[in-house]
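S.K.: Mind looking over this structure? Questions follow.
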Amino acid sequence: MSQSRRASRRAALFMLFQWDVTGKDLGSTYEGEVDDFAWETAKAVAENAEHLDHRIDEATEGWPAGRLGAVERNVLRLAIYELEQGEIPPEVAIDEGVRFAKRYASNEAGKLVNGILGRIAREEVA
């Protein structure tokens, strides 16, 4: 995986976070560089947020997406979207999600994201 793909995911995550927190149009408050992958990914995640939140709700058993912090919620949305697309190995989607959660939220958030994504990845395989 190239650093550029990670940077694109980070840009997508930041755009999603800003969209989620401010309610403004996706990307309208983001000041960084956005390539096609970042834009298309963020757009697809935003368009499917309700479905992705439902997946989070099912996997967390009593801790709905709306109760999660905005960073954790959007990290999970992004990673679940990538798991569902099946274009990268599940381990890559999970690892990226955990990295982002640890870096932009906390180590505890990394553990939470790892557990939720692991559960969802196992369901995808089953």
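The values are calculated or read from the model by the stated rules, or taken from the named source; none is laboratory data. These numbers were taken from a predicted model, which means no experiment stands behind them. Here the Cβ positions follow ideal geometry from the backbone for every residue, glycine too, while neighbour counts run over all protein chains shown. Calculation scope for accessible area: heavy atoms of the full protein, side chains included, ligands and nucleic acids excluded. Shrake-Rupley method; radii C 1.70, N 1.55, O 1.52, S 1.80 Å.
S.K.: Please determine whether any residue of segment 28-40 is at negative phi, outside any loop (DSSP other than H, G, I, E, B) and either open to solvent by less than 70 Å² (accessible area, probe 1.4 Å) or touching a Lys or Arg at 6+ places or on another chain (Cβ under 9 Å) (or both).
M.R.: Looking for residues that are at negative phi, outside any loop (DSSP other than H, G, I, E, B) and either open to solvent by less than 70 Å² (accessible area, probe 1.4 Å) or touching a Lys or Arg at 6+ places or on another chain (Cβ under 9 Å) (or both), one finds at least one in segment 28-40, hence yes.
S.K.: Enumerate the pairs (first residue in segment 53-64 and touching a residue at least 60 places away in the same chain (Cβ under 8 Å); second residue anywhere and exposed (fewer than 14 other Cβ atoms within 10 Å of the Cβ) and of a type outside the set (D, E, K, R)) with beta-carbon separation below 7 Å, excluding pairs fewer than 6 apart on the same chain, so at least 6 apart or on different chains.
M.R.: Close Cβ pairs (under 7 Å, with a partner that is exposed (fewer than 14 other Cβ atoms within 10 Å of the Cβ) and of a type outside the set (D, E, K, R)) do not exist here.
S.K.: Next question, about the same structure. Could you tell me whether segment 59-69 includes any residue that is hydroxyl-bearing (S, T, Y), within 20 Å of W19 (Cα to Cα) and either open to solvent by less than 60 Å² (accessible area, probe 1.4 Å) or at pLDDT 95 or above (or both)?
M.R.: Filtering segment 59-69 down to residues hydroxyl-bearing (S, T, Y) leaves 60.
In the following step, the residues that additionally are within 20 Å of W19 (Cα to Cα) were identified as none.
No; the residues of segment 59-69 include none that is hydroxyl-bearing (S, T, Y), within 20 Å of W19 (Cα to Cα) and either open to solvent by less than 60 Å² (accessible area, probe 1.4 Å) or at pLDDT 95 or above (or both).
S.K.: While we're looking at this one, here's another question. Enumerate the helices (runs of 4 or more DSSP H) found wholly within segment 62-126, keeping only those where 1 or more residues are more than 18 Å from R9 (Cβ to Cβ).
M.R.: 107-125
S.K.: Across segment 83-126, what is the total count of residues that are in contact (Cβ under 8 Å) with a residue 60 or more places away in the chain and open to solvent by less than 50 Å² (accessible area, probe 1.4 Å)?
M.R.: Residues that pass the stated criteria total 6.
S.K.: With the checklist (1) touching a residue at least 40 places away in the same chain (Cβ under 8 Å); (2) open to solvent by 20 Å² or more (accessible area, probe 1.4 Å); (3) not aromatic (F, W, Y) in hand, flag the one item N48 doesn't pass.
M.R.: Checking N48 against (1) touching a residue at least 40 places away in the same chain (Cβ under 8 Å); (2) open to solvent by 20 Å² or more (accessible area, probe 1.4 Å); (3) not aromatic (F, W, Y), the one that fails is (1).
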